[in-house]
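Student: I'd like to ask some things about the structure below.
The values are calculated or read from the model by the stated rules, or taken from the named source; none is laboratory data. Note that this is a predicted model, so its numbers are computed, not measured. Methodologically, a virtual Cβ is constructed for each residue, glycine included, from the backbone with ideal geometry; neighbour enumeration extends over all protein chains shown. In case anyone asks, the SASA skips ligands and DNA or RNA and just uses the protein heavy atoms, side chains included. Shrake-Rupley method; radii C 1.70, N 1.55, O 1.52, S 1.80 Å.
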Amino acid sequence: MILSVRDLRIRFGHAAAAPFAVDGLDFDVSAGEIFVIIGESGSGKSLTGLSVLGLLPQGAVASGSIRFDGQELLNQPEAVLRPLRGGRIGVVYQDPLSAMNPVWPVGEQIAEVLRAHGLAGRREAARRSVELLERVHIPDAPRIALAYPHEISGGMRQRAMIAMALACGPRMLIADEPTTALDVTIKAQILELLSELRRELALTVVLITHDMGVVAELADRILVMYAGKVAELGPAAQIMNRPSHPYTQALLFSATMSEAPAKADLPAIRGTAPPIEARPAGCRFHPRCPQAAADCREAAPNLRRLGDVLLACHYPLLNGDAARPGCAP
Amino acid sequence: MSGTASSVTAHTTRLSSTGWPGRVLLIVAWIIAAALAVFALMPHLVAPYDPIFLDVVDRLRAPGLSHPFGTDEGGRDILSRVIYGTRYSLGVAVAIVIVAALIGILYGAAAGMSSRRTDDLLMRIVDLFFGIPALVLALALAAAIGRGLDTVVLSLAVVWWPGYARLVRGEVLRLRERPHVEAARALGVGTWSLLFRHILPFVVQPVNVRITTDIGYALIAVTALSFLGLGAESPTPEWGLLIRDSRPYFGSAWWYLVFPGVMVMVTATVCSIIGDGLAGSEASSRGA
Amino acid sequence: MTAFIARRLAWGVLLLLLVATLTFFLSRVVPADPAAFLAGQNTSAATVARIRAEYGLDRPLPVQFATYLGGLVRLDFGESLRTHRPVADDLVQFLPASLELLIVSFMIYVIASFWLAVAAARRPGGAVDTAIRLLTMLATGIPVFWLGMALQFVFFYRLHWLPLAGRFPLRDTPPPVHTGFLLADSLIAGSLDDVWKSLRCLAMPALTIVLNLLAVGTRLSRAALIAEFDRPYVRTARGKGLGPRAILYRHVLRNALSPVLTVTTMQFGYMLSWVILVEVIFGWPGIGLYAYQSFEVFDYAPVIALAIVSTAGFVLINLIMDLIYPLIDPRVRGLAT
């Protein structure tokens, strides 16, 4: 296990009544795998990713444990976390245009990581930044290194962002919605790049997304989050082909719907994710769940094992249901 | 100067968001504002002495029981003079801002309702006005027209209206896209009644906020012009003029300088606190 | 780039034209009889007639306006009734004193507001930030002329630390004039004593201006800085493993420079307006005091000249700032060229 998360809870403010945005999360990531955390906005997936390196927004309070290579990371002082950030763990954010500093050239922003970690002097860092841009397949890297973020295309920017995260040869990459701001073909290229890097650099990738389409070809294992909790966690193949949780099924559905021309009678996910302060009692998904029963409204389901899958649902879908998802009432 | 404080303040925290200290401050500000209104409208009910009457025996008395704010070089009671002064200083400031707001509303509404090109041209003229060093132009205008409080109103309104024109034009452009306006337009409502019945009523609130805050700035500008001797003339108890009159004496008579200044400061601060409070409630009523 | 500068210059010329037009028409159209107004009170009909002819007030308005503008183009602001010299000559004589005061105050202001804003933005909502916010809010309501007099009361009347007014002690001989800037002239004369004397005179007027500017400037710069701290690239910088100093200096400040520059330009325009009050209070012999003293004796040409010169100064500063923006923000570079 390269990353172990135990009972992770995150909320805003210390008040006892403040609801948890991330509410008791447990999972492990093994070295070299692509681990996908998926969920709608508000599910707590991004907060989970940010908490690993202590990058939570101001006012967020986290408890539990996050261990990386056996070392505790949660609520550690800056001095402990700083060498890890950009060092052994790289981060890639969504919307690289705003995530990059507009006033520095791209190459300089990559070289800065090397210098900050004491891996290279000014000249050496500048040379290595060009190499890194080449590593992520940016053509004409020496010229791009001198360009400003607003002068290059969105796909280029995200590649440069990845180069920045790779600069110090990290063991793990946390990619927070890396393809959200990109169009479809560029998206595929970036995903292909991530998969190639994992293969060639033996990199562990934690990929955070709301888009099932993104994970289909890439993921080794998938964690489906809903309203701050685990809905379903297991091997990608099984979750993609035979989802056990109605929510996972609905997510898969909206993914196929957005790719194929929509049929009017296909049930997308009804309603929207509940706001954090108005989560329903019982199973948090029940108001939107097609198979919700009386006990779903009263008791929150515990996480239980179903074959290779961990699942939080009173009435998991049988394998057959997933094959014809349209039949759910 | 009308534009200085507004454009970059998006991130300054509102008082209303600071919990009870902000609310207490707001209540105090409203109480002071009510007192100022009484001073301006009925000074004779509050002031202990006649503000003009000379009493040379009592000249430059330090604050005491009979004269809480002391007396000036003519033995006049400074407390009474600052109370009577409210009408002139605050009154002129209010007049300036209202004149400026009226011009700005008409101009901004015209720009917002006209075609792109006309709008562009009209707003470029506004931009031009923003570049003028306000006080110096006011001085030049006073020089051109002659002194007096009416000159002060005119010359400061000339430099003040562009802020309102910009504000109102922005609001009109925003409101034009609203469903209720689009619906009215689709029903064939004419431009004028569209403007007056469906758009301008919604502009009142932001303009109100701006007016309240601006009264404080206008007050400082008014007293500055009076201080330079181009507003009120002695023995009018205008605050800026009182400060001007104190110049030969304030080294030994601190009260002569302090109390008129405190009146200006308290009034200006009250305006900015109330304006801030109104802006807060406006923001929440908009659901922002 | 040339086109950009040309456009900005055209804007400046338009602005000057606006000020000239406003002052001209209001002075010629609003008073019932401008000649009588110019002649002042208690003058005979003959004098009024003479002034009318002398100033060309009997000619049609457009002709007068053209003559007036023609004069302005040749930097002819007319003659001062008080000094009996061309206003332009007087301005040249009094300008260095104003510039010296403006430059010194502005430099101190820029540095001070920078440090205060950084101190406040480091921990928004912290003790330093709250203190700065409270003080600036209260200070915004202080009229600059009152502030100047309050300083005089404290530092002259009570503590006797600083001179009341003036640019150099009256009983001493100032250093020989080379640049017109007393500090520079004292240095050229090699007299540290003279530098000290000029500094003591400069202290209060400069402090008045600086405190006045800080009230609004710090608040706006602080807001700009804090807004910058919320940008996503700051999180990226943290994710790279940068320390707080590198994040502040290399990333946040570098980006906050543009909005802060905007505030600074605005403040400069503001200062051009208010410096006249400071010069009057501290008897500082600059163009503001010159215009004021002329105004006091109904001599108006210098006042209108001051308005035009201040506007020109503002235009110039704006132009310089416009040239600086592309240097600090690469995104503007494309737009400016």
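Student: Yes or no: C:Leu151 open to solvent by less than 40 Å² (accessible area, probe 1.4 Å) and either within 11 Å of chain B (Cβ to nearest Cβ) or under 15 Å from C:Phe282 (Cβ atoms) (or both)?
Tutor: Values: open to solvent by less than 40 Å² (accessible area, probe 1.4 Å): yes; either within 11 Å of chain B (Cβ to nearest Cβ) or under 15 Å from C:Phe282 (Cβ atoms) (or both): yes.
Judged against the criteria, C:Leu151 is a match.
Student: Now, a different point. Restricting to region C:131-163, give me the number of residues that are at pLDDT below 90 and touching a helix residue (DSSP H, G or I) at 6+ places or on another chain (Cβ under 9 Å). Even if it seems obvious, please write down each step before you answer.
Tutor: Step one: list which residues in region C:131-163 are at pLDDT below 90, which gives C:131-141.
Right, trim to touching a helix residue (DSSP H, G or I) at 6+ places or on another chain (Cβ under 9 Å) and you get C:131-133, C:135-141.
Final tally of qualifying residues: 10.
Student: Name the residue that is nearest to C:Val19 (Cα to Cα), counting only residues in region B:134-153 that are within 7 Å of chain C (Cβ to nearest Cβ) and surrounded by fewer than 21 Cβ atoms within 10 Å (Cβ to Cβ). Spell out how you get there, then give the answer.
Tutor: First pass over region B:134-153, keeping only residues within 7 Å of chain C (Cβ to nearest Cβ): B:134-137, B:139-141, B:143-146.
Then keep just the ones that are surrounded by fewer than 21 Cβ atoms within 10 Å (Cβ to Cβ); that gives B:145-146.
On the way: B:Ile145: 15, B:Gly146: 17 Å.
If we take residues in region B:134-153 being within 7 Å of chain C (Cβ to nearest Cβ) and surrounded by fewer than 21 Cβ atoms within 10 Å (Cβ to Cβ), then B:Ile145 is nearest to C:Val19 (Cα to Cα).
Student: Tell me which of these C:Arg254 doesn't satisfy, since it passes every other one: (1) out of contact with any helix residue (DSSP H, G or I) (no Cβ under 7 Å at 6 or more places or on another chain); (2) without any contact (Cβ under 8 Å) to a residue 60 or more places away in the chain; (3) under 19 Å from A:Met100 (Cβ atoms).
Tutor: Looking at each condition in turn, C:Arg254 falls short on (2).
Student: Something else about it: Going by the conditions given, is C:His178 open to solvent by 20 Å² or more (accessible area, probe 1.4 Å) and either within 14 Å of another protein chain (Cβ to nearest Cβ) or part of a helix (DSSP H, G or I) (or both)? Reasoning before the result, please.
Tutor: Numbers: open to solvent by 20 Å² or more (accessible area, probe 1.4 Å): yes; either within 14 Å of another protein chain (Cβ to nearest Cβ) or part of a helix (DSSP H, G or I) (or both): no.
No.
Student: Right, here's the next one. What's the total number of residues in region C:245-261 that are closer than 24 Å to A:Ala79 by Cα and within 8 Å of chain A (Cβ to nearest Cβ)? Working first, answer last.
Tutor: Just the residues of region C:245-261 that are closer than 24 Å to A:Ala79 by Cα, to begin with: C:245-253.
Next cut, within 8 Å of chain A (Cβ to nearest Cβ) only: C:246, C:250-251.
Counting residues in region C:245-261 that are closer than 24 Å to A:Ala79 by Cα and within 8 Å of chain A (Cβ to nearest Cβ) gives 3.
Student: If you take the residues of region C:104-124 that are open to solvent by 40 Å² or more (accessible area, probe 1.4 Å) and touching a residue at least 40 places away in the same chain (Cβ under 8 Å), which of them is nearest to C:Val210 (Cα to Cα)?
Tutor: Of everything passing the filter in region C:104-124, C:Ile108 is nearest to C:Val210 (Cα to Cα).
Student: Moving on. List every residue pair whose Cβ atoms lie under 7 Å apart, where the two residues are 6 or more positions apart in sequence or sit on different chains, the first residue falls within region B:247-269 and is within 8 Å of another protein chain (Cβ to nearest Cβ) and surrounded by fewer than 17 Cβ atoms within 10 Å (Cβ to Cβ), and the second residue, located anywhere, is in a helix (DSSP H, G or I) and β-branched (Val, Ile, Thr).
Tutor: Final answer for the pair search is B:Val266/B:Ile32.
Student: May I pose another question? Please pick out the residue among C:Ser258, C:Ser221 that is surrounded by 23 or more Cβ atoms within 10 Å (Cβ to Cβ), part of a helix (DSSP H, G or I) and at pLDDT below 90.
Tutor: Numbers: C:Ser258 fails: surrounded by 23 or more Cβ atoms within 10 Å (Cβ to Cβ).
On inspection, the qualifying residue turns out to be C:Ser221.
Student: Condition test on C:Thr311, is it within 20 Å of the chain's Cα centre (by Cα) and open to solvent by 30 Å² or more (accessible area, probe 1.4 Å)?
Tutor: Values: within 20 Å of the chain's Cα centre (by Cα): yes; open to solvent by 30 Å² or more (accessible area, probe 1.4 Å): no.
No: the conditions fail for C:Thr311.
Student: Please go through (1) touching a residue at least 40 places away in the same chain (Cβ under 8 Å); (2) surrounded by fewer than 18 Cβ atoms within 10 Å (Cβ to Cβ); (3) assigned to a helix (DSSP H, G or I) for C:Ala206 and return the number of the only condition it doesn't satisfy.
Tutor: Tallying (1) touching a residue at least 40 places away in the same chain (Cβ under 8 Å); (2) surrounded by fewer than 18 Cβ atoms within 10 Å (Cβ to Cβ); (3) assigned to a helix (DSSP H, G or I), C:Ala206 fails exactly one: (2).
Student: Please tell me if C:Arg133 is under 22 Å from the mean Cα position of the chain (by Cα) and open to solvent by 20 Å² or more (accessible area, probe 1.4 Å). It would help to see each step written out before you state the result.
Tutor: Numbers: under 22 Å from the mean Cα position of the chain (by Cα): no; open to solvent by 20 Å² or more (accessible area, probe 1.4 Å): yes.
Criteria not met by C:Arg133.
Student: Filter region B:111-133 for residues that are open to solvent by less than 50 Å² (accessible area, probe 1.4 Å) and farther than 18 Å from C:Gly12 by Cα; which is farthest from the other protein chains (Cβ to nearest Cβ)? I'd like the intermediate steps shown before the answer.
Tutor: Initially, region B:111-133 is screened for residues open to solvent by less than 50 Å² (accessible area, probe 1.4 Å), giving B:111-114, B:119, B:122-123, B:126, B:128-129, B:131-133.
With farther than 18 Å from C:Gly12 by Cα added as a condition, the list becomes B:111-114, B:119.
Working: B:Ala111: 17, B:Gly112: 22, B:Met113: 24, B:Ser114: 21, B:Asp119: 18 Å.
So, considering only residues that are open to solvent by less than 50 Å² (accessible area, probe 1.4 Å) and farther than 18 Å from C:Gly12 by Cα, the one farthest from the other protein chains (Cβ to nearest Cβ) is B:Met113.
Student: Could you list, in sequence order, all residues of region C:69-82 that are open to solvent by less than 60 Å² (accessible area, probe 1.4 Å) and either modelled with pLDDT under 85 or acidic (Asp, Glu) (or both)?
Tutor: Filtering region C:69-82 down to residues open to solvent by less than 60 Å² (accessible area, probe 1.4 Å) leaves C:69-72, C:77-78, C:80.
C:Gly78, C:Ser80 - these are the residues of region C:69-82 that are open to solvent by less than 60 Å² (accessible area, probe 1.4 Å) and either modelled with pLDDT under 85 or acidic (Asp, Glu) (or both).
Student: Restricting to region B:224-244, what's the tally of residues that are more than 12 Å from every other protein chain (Cβ to nearest Cβ) and touching a residue at least 12 places away in the same chain (Cβ under 8 Å)? Steps first, please.
Tutor: If we filter region B:224-244 for residues that are more than 12 Å from every other protein chain (Cβ to nearest Cβ), which is where we start, we get B:231-238.
Applying the additional criterion that residues be touching a residue at least 12 places away in the same chain (Cβ under 8 Å) yields B:231-233, B:235-238.
The total comes to 7.
Student: If you check C:Leu277, C:Leu289, which single one turns out to be of a type in the set (A, V, I, L, M, F, W, C), modelled with pLDDT of 90 or more, touching a helix residue (DSSP H, G or I) at 6+ places or on another chain (Cβ under 7 Å) and buried (at least 24 other Cβ atoms within 10 Å of the Cβ)?
Tutor: Answer to the check: C:Leu277.
Student: Hey, any hits in region C:155-173 for a residue that's open to solvent by less than 40 Å² (accessible area, probe 1.4 Å), without any contact (Cβ under 8 Å) to a residue 24 or more places away in the chain and assigned to a helix (DSSP H, G or I)?
Tutor: No, region C:155-173 contains no residue that is open to solvent by less than 40 Å² (accessible area, probe 1.4 Å), without any contact (Cβ under 8 Å) to a residue 24 or more places away in the chain and assigned to a helix (DSSP H, G or I).
Student: Next question, about the same structure. Please go through region B:46-82 and pick out each residue that is touching a residue at least 60 places away in the same chain (Cβ under 8 Å) and hydrophobic (A, V, I, L, M, F, W, C).
Tutor: Of everything in region B:46-82, those that are touching a residue at least 60 places away in the same chain (Cβ under 8 Å) and hydrophobic (A, V, I, L, M, F, W, C) turn out to be B:Ile52, B:Leu60, B:Ala62, B:Phe69, B:Ile78, B:Leu79, B:Val82.
Student: Name the helices (runs of 4 or more DSSP H) wholly inside region A:145-256 in which the number of residues that are within 26 Å of A:Ala116 (Cα to Cα) is 1 or more. Even if it seems obvious, please write down each step before you answer.
Tutor: Values: elements: A:154-166, A:184-201, A:212-215, A:236-241.
In region A:145-256, the matching helices (runs of 4 or more DSSP H) lie at A:154-166, A:184-201.
Student: Among the residues of region A:70-87 satisfying the criterion of being part of a loop (DSSP other than H, G, I, E, B) and at the interface with chain C (Cβ under 10 Å from one of its Cβ atoms), which is surrounded by the most Cβ atoms within 10 Å (Cβ to Cβ)?
Tutor: Step one: list which residues in region A:70-87 are part of a loop (DSSP other than H, G, I, E, B), which gives A:70, A:73-77, A:86-87.
Imposing the further condition that a residue be at the interface with chain C (Cβ under 10 Å from one of its Cβ atoms) reduces the set to A:86-87.
Values: A:Gly86: 28, A:Gly87: 21.
Filtering region A:70-87 for residues that are part of a loop (DSSP other than H, G, I, E, B) and at the interface with chain C (Cβ under 10 Å from one of its Cβ atoms), the one surrounded by the most Cβ atoms within 10 Å (Cβ to Cβ) comes out as A:Gly86.
Student: Among the numbered criteria (1) within 12 Å of chain C (Cβ to nearest Cβ); (2) small (Gly, Ala, Ser); (3) surrounded by fewer than 21 Cβ atoms within 10 Å (Cβ to Cβ), which one does B:Ser281 miss?
Tutor: (1)
Student: Within region A:75-107, work out how many residues are closer than 16 Å to A:Cys168 by Cβ and touching a residue at least 60 places away in the same chain (Cβ under 8 Å).
Tutor: Kept after step one, since they are closer than 16 Å to A:Cys168 by Cβ, are these residues of region A:75-107: A:81-92, A:107.
This time we only want the ones that are touching a residue at least 60 places away in the same chain (Cβ under 8 Å), so: A:86-92.
Number satisfying all stated conditions: 7.
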